[in-house]
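Take a look at the structure below.
The values are calculated or read from the model by the stated rules, or taken from the named source; none is laboratory data. Keep in mind the model is a prediction, meaning the values are calculated, not measured. Cβ coordinates were reconstructed from backbone atoms using ideal geometry, including for glycine residues, and neighbour counts include every protein chain displayed.
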Amino acid sequence: MKSITVFGAGYVGLVTACAFADSGNPVEVVEKDLNKLQKLQNGEMPFFESGLIDLLRRHIRTGNLSFTNRPVKKGVDFIFICVGTPSLEDGSTDLSAVWAVADEIVSFDYPDDTFVVLKSTCPPGTTNRLKEFFIEKGKNYSVAFNPEFLKQGNALEDALRPERIVIGVEDVRASEALQNLFRPFVKNGNPILTMSTITAELVKYVANCYLALRISFINEVANICERLGANVEDLRKAVGLDSRIGVKYFYPGCGYGGSCFPKDVASLINFSRKSGYEFKLAVTCNEVNAYQRIVIAKKVLNYYNQQVEGKKFAVWGLAFKQGTDDVRESVAYYSLKELSKMGASFRAFDPEAMEKFKASFPDLADHVEFCSNQYQALEGTNALLIFTDWNIFKDPDLIRLKEALADKLIFDGRNILDPVVLKAHGLRYVGIGINNLGLL
Ligand SMILES: NC(=O)c1ccc[n+]([C@@H]2O[C@H](COP(=O)([O-])OP(=O)(O)OC[C@H]3O[C@@H](n4cnc5c(N)ncnc54)[C@H](O)[C@@H]3O)[C@@H](O)[C@H]2O)c1
């Protein structure tokens, strides 16, 4: 049992805190957002992540989890920094929240034998700078970097049974302490990999950029399939079954979003440039995604000959992916923005993300009505636009769809519906890299 303080109760901090609490460690969570803090203290989730609420409530009851807006416990073994590190305009990373925590750690005067672990995704060199900052302030903490690989929508499973744990350290004491702390999570034999802090920091960017590239690659393939009349769904299976390539994370769609891929690709480009290297594939990945995230808007505009003034569209899915209420860099936003500029309006439904979408994108307030279920969203609309692959959208009532949609038309940004079945029900279908009705 080790005593732990986690700074930041966002997707990463809260999942980390719940996972450590569940393996028997008392965890104090420091959160600065007072609304979020109050919810957590009352055992309520400030965001949606499947299964997390049960652990949250259980460990408030067991006493392993406590929430505060200033640190209270001084004699803790580990401090985890899990605050946000968003992008700045030029693609560099805003580390102000990390430095604010560093200041608080110094002013709270944690003892010198406390381990400080940076979990926020930060450009290579940040952990070393943090160590230097503490030394300047007369503190001799061991400072480590521990990248987080959780996937929103599956975060709890990823935290409790990670495929690998990476520890970036510069001293043996921290390496041993962290390996001991993480051992309960790798009883299944998955590895704990230790390396330098700079390498561990880079691991996170390389992993995310590679995944973003894989998505962008198959999106490029989908776009060329449309022009040649090929079917990307048949193609991706045939290509992915080569074990060197693999079928996972190889699905075409209307681009990637979320709080990580866009900002981490931008940061990789930025810190590579600063070190004198142009990371060309990352630059291209960014460009490909900027095109792809408005591909639904382009197809709609082409179908209606650029005339969507007065047209109304049903929208299924606002979250950047299924399983989360996170709308950061939601691709739905980018397409709706393009279409709203041309006079279109929307009736939208998402099972979890409507409140966040409304709060995050007030510029769309006059164009979007939010509906209480997916069928209500269809009422009085011309066509349906699908942006998120929630299960609830995968097997819809096609009779209701046909009755409600004036133009009997579906634009499926995630290729979750079957064009053959839709056709049999008198519905026309536009997917990504398949059945594009001649629309590019
Ligand atoms: N979300 C993911 O799927 C994911 C996955 C892997 C890594 N990451 C990385 O983890 C980090 C956190 O991401 P997130 O999605 O959890 O962010 P988030 O924005 O959801 O949460 C950050 C939290 O930190 C709080 N905070 C800010 N300053 C604080 C301070 N001084 N003291 C205490 N709390 C403070 C904020 O109020 C917020 O609740 C980022 O660097 C991100 O890139 C995120």
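Taking GLU355 as the residue in question, decide whether it is under 21 Å from the mean Cα position of the chain (by Cα), surrounded by fewer than 18 Cβ atoms within 10 Å (Cβ to Cβ), over 18 Å from LYS394 (Cα atoms) and of a type outside the set (S, T, N, Q).
Numbers: under 21 Å from the mean Cα position of the chain (by Cα): yes; surrounded by fewer than 18 Cβ atoms within 10 Å (Cβ to Cβ): yes; over 18 Å from LYS394 (Cα atoms): yes; of a type outside the set (S, T, N, Q): yes.
So GLU355 fits the description; yes.
Please enumerate the residues belonging to region 307-355 that are in contact with a helix residue (DSSP H, G or I) (Cβ under 8 Å, 6 or more places away or on another chain) and among the charged types (D, E, K, R). Within region 307-355, ASP325, ASP326, ARG328, GLU329, LYS337, GLU338, ARG347, ASP350 qualify.
Where helices (runs of 4 or more DSSP H) sit wholly within region 207-293, those with at least 3 residues that are more than 16 Å from the ligand (Cβ to nearest atom) and either farther than 30 Å from ILE165 by Cβ or of a type in the set (Lys, Arg) (or both) occupy 232-240, 280-292.
Residue-by-condition table, conditions (1) in a strand (DSSP E or B); (2) of a type in the set (A, V, I, L, M, F, W, C):
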| site | (1), (2) |
| --- | --- |
| LYS321 | no, no |
| LEU336 | no, yes |
| LEU384 | yes, yes |
| ILE399 | no, yes |
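Pick from GLY168, GLY91: which is within 15 Å of the ligand (Cβ to nearest atom), surrounded by 20 or more Cβ atoms within 10 Å (Cβ to Cβ) and of a type outside the set (D, E, K, R)? Step through it out loud before you land on a result.
Working: GLY91 fails: surrounded by 20 or more Cβ atoms within 10 Å (Cβ to Cβ).
Checking each option against the conditions leaves just GLY168.
Does GLU226 meet the test of being crowded, with 17+ Cβ neighbours inside 10 Å, among the acidic types (Asp, Glu), touching a residue at least 12 places away in the same chain (Cβ under 8 Å) and more than 23 Å from SER120 (Cβ to Cβ)? Yes, satisfied.
The residues in region 18-65 that are within 28 Å of ASN180 (Cα to Cα) and crowded, with 19+ Cβ neighbours inside 10 Å can be counted, and the count is 19.
Here GLY8 fulfils each of the conditions (1) touching a residue at least 40 places away in the same chain (Cβ under 8 Å); (2) in contact with a helix residue (DSSP H, G or I) (Cβ under 6 Å, 6 or more places away or on another chain) apart from (2). Of all residues in region 307-341 being buried (at least 24 other Cβ atoms within 10 Å of the Cβ) and of a type outside the set (A, V, I, L, M, F, W, C), which is nearest to LEU52 (Cα to Cα)? Among residues in region 307-341 that are buried (at least 24 other Cβ atoms within 10 Å of the Cβ) and of a type outside the set (A, V, I, L, M, F, W, C), the one nearest to LEU52 (Cα to Cα) is THR324.
Can you go through ARG428, ARG414 and tell me which one is within 23 Å of the chain's Cα centre (by Cα) and charged (D, E, K, R)? If you could, list the steps in order and put the result at the bottom.
Working: ARG428 fails: within 23 Å of the chain's Cα centre (by Cα).
None of the others qualify; the one that does is ARG414.
You will find that of PHE80, PHE48, the residue that is away from the ligand (no atom under 11 Å from the Cβ) and among the aromatic types (Phe, Trp, Tyr) is PHE48 and no other.
For every residue, the table says whether it meets (1) surrounded by fewer than 23 Cβ atoms within 10 Å (Cβ to Cβ); (2) touching a residue at least 12 places away in the same chain (Cβ under 8 Å); (3) more than 25 Å from VAL12 (Cα to Cα); (4) assigned by TED's automatic domain parsing to the domain that holds PHE149.
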{"residue": "LYS248", "(1), (2), (3), (4)": "yes, no, no, no"}
{"residue": "TYR251", "(1), (2), (3), (4)": "yes, yes, yes, no"}
{"residue": "GLY276", "(1), (2), (3), (4)": "yes, no, yes, no"}
{"residue": "VAL283", "(1), (2), (3), (4)": "yes, yes, yes, no"}
{"residue": "ASN305", "(1), (2), (3), (4)": "yes, no, yes, no"}
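All conditions but one from (1) part of a strand (DSSP E or B); (2) closer than 19 Å to GLU220 by Cα apply to ILE432; the one that does not is (1). Of the residues making up region 375-409, those that are closer than 22 Å to TYR251 by Cβ and either touching a residue at least 60 places away in the same chain (Cβ under 8 Å) or in the same structural domain as GLN152 (by TED's automatic domain parsing) (or both) are LEU384, LEU385, ILE386, PHE387, THR388, ASP389, TRP390, ASN391, PHE393.
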